[in-house]
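Novice: I have a structure here, written as structure tokens, and I will follow up with some questions on it.
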Amino acid sequence: VSGHSKRDIVNMLGIRPDKVTVIPNGVSGSFRPCEDAQARDRVMKKYGIDAGYILYVGNHAGHKNIGSLIRAFSMLSSRLRAYKLVIAGKVDKRRQRLYGMPDELGLRDRAAFIGAVDEADLPCLYSWASLFVFPSLYEGFGLPPLEAMACGCPVVASDAASIPEVVGRAAMLVDANDPCMLAARMEEALSSNAMREEFRGRGLERAALFTWEAAAKKTLEVYREVYNS
């Protein structure tokens, strides 16, 4: 699904590069800007969210690096009091230490794990976020940043693994191993409406390049090539 994944497959399994074809994932057409105020209010109420939030969507595995995101937000919380951190994704019983971090850092009322989100609610959740942050340290592809972009949400993302390849110049990239750098990038984005609007436009254009129709066509081409060889 990415050049990065192809390199991993080639290097780890000893497969010839010409035997691996890269076919990127697509973004579902359901991900688009949500401008319905009633839908927004319903989703906000359902998940207990107020306007003015920074969003993460994904699972809570260690490589997702959510702890660094919470630490980065704690560095900003006193200066950007209008914002809260919303972390969506299925609760994982193995991550109790992670779930205790907001209390440890004095963020009980400022950072919330809202659990799994219904697929139908995700476009609204992305659309009304002030910023989407994806600090993952490893992805074979990484769909959430593109989903956020397709909904018109500006994105700050890690510069690791496949992520730069997927988001291109449409996201603000950062070394997410360093919470201080992540905090600085988030603050820069949240302090500039012009920057957020610029990356909102870039993101909409970037996400439009990734469709399941294109993925299907490329897959069919591979089947035909193999069949005729």
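Each row is one residue, and each column tells you yes or no for (1) of a type in the set (A, V, I, L, M); (2) farther than 22 Å from Arg169 by Cα.
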| site | (1), (2) |
| --- | --- |
| Glu187 | no, no |
| Ser191 | no, no |
| Met195 | yes, no |
| Arg200 | no, no |
| Glu205 | no, no |
| Lys218 | no, yes |
| Glu221 | no, yes |
| Arg224 | no, yes |
| Asn228 | no, yes |
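Novice: In the range 50-100, what residues are without any contact (Cβ under 8 Å) to a residue 40 or more places away in the chain, of a type in the set (Ser, Thr, Tyr) and surrounded by 20 or more Cβ atoms within 10 Å (Cβ to Cβ)?
Specialist: Ser74
Novice: Let me ask something additional. So is Asn25 within 30 Å of Glu225 (Cβ to Cβ), within 16 Å of the chain's Cα centre (by Cα) and surrounded by 13 or more Cβ atoms within 10 Å (Cβ to Cβ) or not?
Specialist: On the way: within 30 Å of Glu225 (Cβ to Cβ): yes; within 16 Å of the chain's Cα centre (by Cα): yes; surrounded by 13 or more Cβ atoms within 10 Å (Cβ to Cβ): yes.
So Asn25 passes the test.
Novice: Hey, another quick one. Out of the range 140-177, which residues are acidic (Asp, Glu) and touching a residue at least 24 places away in the same chain (Cβ under 8 Å)?
Specialist: Within the range 140-177, Glu147, Glu165 qualify.
Novice: Looking only at the range 180-196, count how many residues are of a type in the set (A, V, I, L, M) and surrounded by fewer than 18 Cβ atoms within 10 Å (Cβ to Cβ).
Specialist: Residues meeting the conditions: 4.
Novice: Restrict the check to the range 129-136 and report whether at least one residue is of a type in the set (Gly, Ala, Ser) and assigned to a helix (DSSP H, G or I).
Specialist: Looking for residues that are of a type in the set (Gly, Ala, Ser) and assigned to a helix (DSSP H, G or I), one finds none in the range 129-136, hence no.
Novice: Still on this structure: Look through Leu209, Leu220, Leu173 and report the one residue that is outside any helix (DSSP H, G or I) and surrounded by fewer than 16 Cβ atoms within 10 Å (Cβ to Cβ).
Specialist: On the way: Leu220 fails: outside any helix (DSSP H, G or I); Leu173 fails: surrounded by fewer than 16 Cβ atoms within 10 Å (Cβ to Cβ).
On inspection, the qualifying residue turns out to be Leu209.
Novice: Determine if the range 22-40 includes at least one residue that is under 24 Å from Val133 (Cβ atoms), outside any loop (DSSP other than H, G, I, E, B) and of a type in the set (D, E, K, R).
Specialist: Yes, the range 22-40 contains at least one residue that is under 24 Å from Val133 (Cβ atoms), outside any loop (DSSP other than H, G, I, E, B) and of a type in the set (D, E, K, R).
Every number here is computed from the coordinates shown, using simple stated rules; none is lab data. Because the structure is predicted, anything quoted here is derived from the model rather than measured. Note that we place each Cβ from the backbone using ideal geometry, even for glycine, and neighbour counts take in every protein chain shown.
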